[in-house]
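Could you have a look at this structure, given as structure tokens, before my questions?
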Amino acid sequence: MANTLILDDEINRARQRIQIPEQVLGKELIQPFPTSSSGSRKIMYSVHSEQSMALCYPEVPFIQTGFENEFGHRSTSFQQAEQRKTVLARIERYAMTPGHEYYLIVHNEETNTLDILHKLDYKYITESFGYEINNSVLNNLVVGSVIEKGDVITKSKGFDDYNNRMDGINVLLMYIAKNKTTEDAIEISESCAKRFKSPLVKKISFMINENDILLNLYGNKDIYKVIPDIGEEIKEGILAAVRRENKEEALFSQVFNKLQDINMSDEKITSNGRVVGIEIHTNNPDLMENSIYNTQLNMYYQDNKRFCDELIHTVNKLQANYKCELGYDLQKLMHTSKQILDGVKFNIDNNVYSNLQMDVYILEENELHVGDKLTNRYGGKGVISNILPDELMPQTEDGQRVDMKYNQATVVNRLNPSQLFEMEINSASAAVVRNLNKQDTNGSLKKIIKFVSFFSPSQAKEMEAFVSNSNPSVRMEYLNSIIEDGNITISILPMQEPVTIETLQKVLAEFPETRHGYVYTPMLDSSNQGVRLVKSLRPVLVAKQYICRLKQYAEEKFSATSMSFSNNKGENSRNKSAGLYKPVYTNTPIRQGEMEISALTHIGDDINVIMLMLYSTAPIGRRSIKDLLTKNPNDVDITLSADAKSRSAEIVNAYLKAIGLKLTFEKVPKKYQEALLYDIPDEDFYTPAILEDYSYLKALRENDKSKMTITVKEFNGKYYPVYENFVEPGIPALMEGAISSEPPEGYSETDSLWVTRGIKYFNR
């Protein structure tokens, strides 16, 4: 019976899922048009949704799915109250800057426990990544305030006032093929790059020894100040400077005016941005208390002890009054505070240090740079290849400057035409908005509702109900907000309201003004001084697309890759364990991928040649390419053996032909035993005496002149060579080994060409 009940429950849950098909999408619920993208791209977008950076000025997308709010409530950067809580106390983290960072002691009425709410303007995640926090709720809480269950406490700036997720901006985009948009390269304007500003939280740690002197970079003759205080900006990109000298011996360098100037030998700690947090750790407080150079640091050290003492005292008093337990987060904070007050030794990697460590948290507004990564909501990631001035970007017929250029081939290669649906709808909605009659409010709103009904009938019904129940002033305000945005915000249910090409055709028939227009590209005139606008040959799709920034930014991605193993001539080699009789290198070049080839072809031929030389393990090829670069190319004779005639060599030849050079191949067999097709012993075949004997070589030449032929005859299961017009070289071993029990490959009693090729091998 129990099993039957369980089965019934499973069936009911399955029915519910079928009734709400969007539930199967998961994180892809905020990806428009999910049925028009490949599965791999949907998975990629799921990953990108976790890697997107919270921008300083994010925007709500014009094309939505209606699940942006649900996504927000399930985000890790979105904190809601699980139970009803009351604020009992507030403790400032830094007494010098009240309101910057503090802890609220709250009482959970359901569980009768004390816990904390941490007010912090930033979230530090890794050494080079974090985001700003929207603390509008926490800032309004005072002692006695009540937080109801489900109330939003904190969230990142990636959510609007209605808790809808917004992690990108609407960019005016066009598709164009050029060298700066090869593969996944993206070209953007300067103003667009600034719109992608993102808060970047850094943690900079450095140690101060007993003889180190922190320079007075931020102070004056009255105040010795080594770093910016909380809330201050870093000047000239230098956070602090350390002079590593003996304090007793180098008195001249400690003169006051010398402590404000940086010497070449001083260690500079560089960064940009605003200081938002300072932590001082030391096992020797005397380093700060007895030194004028560390007066500022000692102030923060003592302030931290003040905070720990106040926290412990307040919590103990509240716990006694309420007769309650402590929550997990508060327990951790209390434990850490007691350790600081008790003088527990500070350690790094289980090593106790006697010197002083500073941890400075810095908040920087990081702009978009070449090499940074962007993506749309369909897994179409790309790398910034160029940032152009706004005046050099194409413009539309109504004078709008294009913000971004994408390669149109990416749509086909990545199997995500969903981005085209977003572009087409936004292009059409922008055209409809441009052609609205502002004086006719009711007529304009009816036109907008008619347009929306093609893509989202459910939203059109809601809009119609809202307009009919609103007074004229509200309707006018609603219309003006749409006109100000320039686009209509449409919420399309992911699977219940599919958009097809037929839908777009119907819209074009109903709204002829939605046809694509021409673009005008700035080009220099013949004098290279003035700029003229050149009209495109045909209409171009230019529209808004929602673009996000990924936390894989170029500034923190510097890396180097080592070359392969080298031989004694400095040539690349794949052979890691070359023995006495093993070749030092292989004849196999390192293959270039398709993306590398496409990029190199757009860069230029000279780079191609250099890359072929650097990344090839074939010594002959490397030397030949080097000669092409250093000598007269017309005098360089490149001849490769049949060993090198492979697919890789053909690719090399194709590249060289592009710069007017050609490789020639000499067709010779690899080994003599392969030419004879018999198992000739290597010890007899490769002896130096054979190779160096002039009479032997002379006999081979005579055989070549006499048009010697050899055929194969079978006798008693053995295969013997039959020689005609053959001059004996005088080496019996050659004949003795030329017997096999297996027929040669391609055996024929009349075929002799295969032997003739073998003779030529020794005659070269």
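The values are calculated or read from the model by the stated rules, or taken from the named source; none is laboratory data. In this text the structure is predicted, and so the values were computed from the model without any measurement. Here the Cβ is made from the backbone with ideal geometry for all residues, glycine too, and neighbour counts use every protein chain on show.
Which residue, of Ile105, Ile116, is touching a Ser or Thr at 6+ places or on another chain (Cβ under 7 Å), closer than 18 Å to Asn321 by Cβ and at pLDDT 85 or above?
Answer to the check: Ile105.
Given the structure, is Val383 farther than 16 Å from Phe196 by Cβ, of a type in the set (A, V, I, L, M) and under 23 Å from the mean Cα position of the chain (by Cα)?
Against the criterion (farther than 16 Å from Phe196 by Cβ, of a type in the set (A, V, I, L, M) and under 23 Å from the mean Cα position of the chain (by Cα)), Val383 does not qualify.
Scanning for something within 46 Å of the chain's Cα centre (by Cα), within 30 Å of Leu215 (Cα to Cα) and in a helix (DSSP H, G or I), does segment 314-325 turn up at least one residue?
For segment 314-325, residues within 46 Å of the chain's Cα centre (by Cα), within 30 Å of Leu215 (Cα to Cα) and in a helix (DSSP H, G or I): absent.
If Thr97 meets every condition in (1) modelled with pLDDT of 90 or more; (2) over 23 Å from Glu365 (Cα atoms) apart from one, which number is that one?
(2)
Still on this model: Go over the candidates Asp359, Asp398, Asp309 one by one and state the one that is in the same structural domain as Ser40 (by TED's automatic domain parsing), exposed (fewer than 15 other Cβ atoms within 10 Å of the Cβ) and either touching a helix residue (DSSP H, G or I) at 6+ places or on another chain (Cβ under 8 Å) or outside any helix (DSSP H, G or I) (or both). Show your work before the answer.
Numbers: Asp359 fails: in the same structural domain as Ser40 (by TED's automatic domain parsing); Asp309 fails: in the same structural domain as Ser40 (by TED's automatic domain parsing).
None of the other options fit; the residue is Asp398.
Since Ile449 meets every condition but one in (1) surrounded by 15 or more Cβ atoms within 10 Å (Cβ to Cβ); (2) touching a strand residue (DSSP E or B) at 6+ places or on another chain (Cβ under 9 Å), which condition does it not meet?
(2)
Where residues in segment 401-430 are touching an Asp or Glu at 6+ places or on another chain (Cβ under 9 Å) and surrounded by fewer than 19 Cβ atoms within 10 Å (Cβ to Cβ), which of them is nearest to Leu524 (Cα to Cα)?
Applying the filter and picking the extreme gives Arg401.
Cβ-Cβ under 6 Å, sequence separation 6+ or interchain: first residue in segment 531-542 and free of Cβ contacts under 8 Å to residues at least 24 places away in the same chain, partner surrounded by 11 or more Cβ atoms within 10 Å (Cβ to Cβ) and of a type in the set (S, T, N, Q). Which pairs?
Hits for this filter: Val534/Thr521.
Continuing with this model, one more query. Could you check segment 155-185 and list, in sequence order, the residues that are among the β-branched types (Val, Ile, Thr) and either closer than 29 Å to Tyr124 by Cβ or modelled with pLDDT of 95 or more (or both)?
Ile169, Val171
Among the listed residues Ile488, Ile483, identify the single one that is of a type outside the set (D, E, K, R), outside any helix (DSSP H, G or I) and within 21 Å of Asp398 (Cβ to Cβ).
Ile488
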